[in-house]
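First up is the structure itself, then whatever we jot down about it.
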Amino acid sequence: QVEFVESGGGLVHPGGSLRLSCAGSIWDFRSLNMGWYRQTPGNQREFVAGIGAGYIPTYEDSVLGRFTISRDNAKKTVYLQMNTLKAEDTGAYYCNVYGRDPFTWGQGTQVTVSS
């Protein structure tokens, strides 16, 4: 059974930084395109950033230049470095694959940007 465990969220002031981590229990993690998603109350999860099996990143426009996604295949972990955080970045962050049907979603990690 595939499982994702997200961590690293918290409460941060506008302009601050956080680094999210997601560990995946997938036997072939290195072959998967991995992404980070954000969900706010009453809304669907939206794609924030992704990194392909070939390490090519892609970002949603609002986070371009502020967020950096990376991966460590040996640790089966994907990271999201979030800088210059804004209030609109607030939400629950999840990781999963992208470009294909998702696996079961993890519990996510809450990011709250507030003064």
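The values are calculated or read from the model by the stated rules, or taken from the named source; none is laboratory data. This one's a predicted model, so the numbers in the text were calculated from it and none came from an experiment. Every residue, glycine as well, gets a Cβ built from its backbone with ideal geometry; the counts of neighbours run over all protein chains shown. Ligands, DNA and RNA are stripped out before the accessible areas are found, and what is left, the full protein with its side chains, is counted by its heavy atoms. Shrake-Rupley method; radii C 1.70, N 1.55, O 1.52, S 1.80 Å.
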Among the residues in the range 57-76, are any aromatic (F, W, Y) and in contact with a Lys or Arg (Cβ under 7 Å, 6 or more places away or on another chain)?
no
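Consider the range 55-83. How many of its residues are among the acidic types (D, E) and under 16 Å from V5 (Cα atoms)?
Residues of the range 55-83 among the acidic types (D, E): 60-61, 72.
Applying the additional criterion that residues be under 16 Å from V5 (Cα atoms) yields 72.
Residues in the range 55-83 being among the acidic types (D, E) and under 16 Å from V5 (Cα atoms): 1 in total.
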Every listed condition ((1) at pLDDT below 95; (2) under 17 Å from P102 (Cβ atoms)) holds for G54 save (2)
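Criterion first (touching a residue at least 60 places away in the same chain (Cβ under 8 Å) and surrounded by fewer than 15 Cβ atoms within 10 Å (Cβ to Cβ)) does E3 satisfy it? Reasoning before the result, please.
Working: touching a residue at least 60 places away in the same chain (Cβ under 8 Å): yes; surrounded by fewer than 15 Cβ atoms within 10 Å (Cβ to Cβ): yes.
Answer is yes for this residue.
Quick check on my filter: what residues within the range 28-57 are among the basic types (K, R) and open to solvent by less than 50 Å² (accessible area, probe 1.4 Å)? Outline the logic, then answer.
Of the residues in the range 28-57, the ones among the basic types (K, R) are 30, 38, 45.
Answer for the range 28-57, where residues must be among the basic types (K, R) and open to solvent by less than 50 Å² (accessible area, probe 1.4 Å): just R38.
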The number of residues in the range 76-102 that are touching a residue at least 60 places away in the same chain (Cβ under 8 Å) and surrounded by fewer than 17 Cβ atoms within 10 Å (Cβ to Cβ) is 7
How many residues of the range 4-38 are assigned to a strand (DSSP E or B) and of a type in the set (G, A, S)? The answer is 6
Condition set in a helix (DSSP H, G or I) and open to solvent by less than 60 Å² (accessible area, probe 1.4 Å), scope the range 58-73, selection farthest from G16 (Cα to Cα): answer is N73
Cβ pairs under 6 Å, 6+ apart or interchain, first in the range 103-115 and more than 15 Å from V78 (Cα to Cα), second modelled with pLDDT of 95 or more and β-branched (V, I, T), ordered by first then second residue, are T112/T90; V113/V12; V113/T90
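In the range 103-115, which residue that is within 14 Å of E6 (Cβ to Cβ) and part of a loop (DSSP other than H, G, I, E, B) is most open to solvent (accessible area, probe 1.4 Å)?
Here is the first cut: in the range 103-115, the ones within 14 Å of E6 (Cβ to Cβ) are 103-111.
So of that shortlist, the ones also part of a loop (DSSP other than H, G, I, E, B) come out as 103-108.
On the way: F103: 51, T104: 90, W105: 76, G106: 19, Q107: 149, G108: 14 Å².
For the range 103-115, the residue satisfying everything is Q107.
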| message | Among the residues in the range 23-36, are any free of Cβ contacts under 8 Å to residues at least 40 places away in the same chain and not aromatic (F, W, Y)? | response | yes
